[in-house]
Amino acid sequence: MQQRIGIVSGTFDPVHMGHVAFALDAITQAKLDRVYFMVERNPRRKQGVKAYEHRQAMVQLAIKNQPMLGSIITEQDRFTAQDTLPVLKARFGAAAKLALLMGDDMLSHLADWPDVEKLLKAADFVVGARGDAAAAEQRLQLIQEVRGISFNYNIFNSNLSSASSTAVRRAVRKTGTSKHLDPLVQDYIIEHKLYASSDDENASSK
């Protein structure tokens, strides 16, 4: 049977419980065999993020007790069809079916991704809609019409909380903790004195 592998890429600055819940929801809703987190070293639209090593370490801690979740380390600065797809194909084999996970807020940027046509042909898209799933589907259909390409997608109503990395950083800076953090990630943040400065206000919100 063909394996269905989910990939969720992002800044994860820091990773929080909402990210993990989203990945677990996607496994059930899109019938995936496993989901892998891929931390972007140099995010395209984010400035002032914490060092890649810290963000990768926090992801490892957040998924430590989740056997259906894993992580991938690549040398690419960010996810691109040209550079990253060959790495994923080599990792999972040509027979595996890749599914890219994203929140519906990412759809507004999807058409601007480099080599997006190649990406749309190579992978399914699994979209978690925080609000109106119909609106998310309209956006995907519009991309298909504008690009003149057909691709597979799955939209599900995500139960994501209001958690965001921005809110988590603010809470940590203000109180030293956040209810949206895994305790292991919280301990790591305290140990390495992350997000204690107001400079973190301008960092990634993903």
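Nothing in this text is a laboratory measurement; each read-out follows from the coordinates by a stated rule. It should be emphasised that the depicted structure is a prediction, and the values quoted were computed from it without experimental measurement. Backbone-built Cβ (ideal geometry, glycine too); neighbour counts: all protein chains shown.
Counting 0.36 nm for each residue step from Lys179 to Ala51 and taking away their Cα separation leaves a gain of 43.8 nm. Please report the spacing between the Cα centers of the stretch 173-188 and the stretch 102-152 in Å, no decimals. First find each Cα centre; the distance between them is then 33 Å.
Compute the acute angle (0 to 90°) between the alpha-carbon long axis of helix 165-175 and the principal axis of greatest extent of the alpha-carbon atoms of the chain; round to the nearest 10°. Taking the Cα atoms of the chain, the angle to 165-175 is about 10 degrees.
Here is the list for the stretch 24-126: GluC sites (Glu not before Pro) lying in DSSP coil, each with at most 16 other C-beta atoms within 10 angstrom of its C-beta, are Glu75.
Taking the chain as a Gaussian network, Cα atoms linked when under 10 Å apart, which of Ser108, Ser165, Ser71 shows the biggest mean-square fluctuation? Evaluated over the chain, the most mobile residue of the options is Ser108. Pairing the Cα long axis of helix 81-92 with the longest principal axis of the chain, what angle in degrees results, from 0 to 90 and rounded to the nearest 10? It is inclined by approximately 90 degrees.
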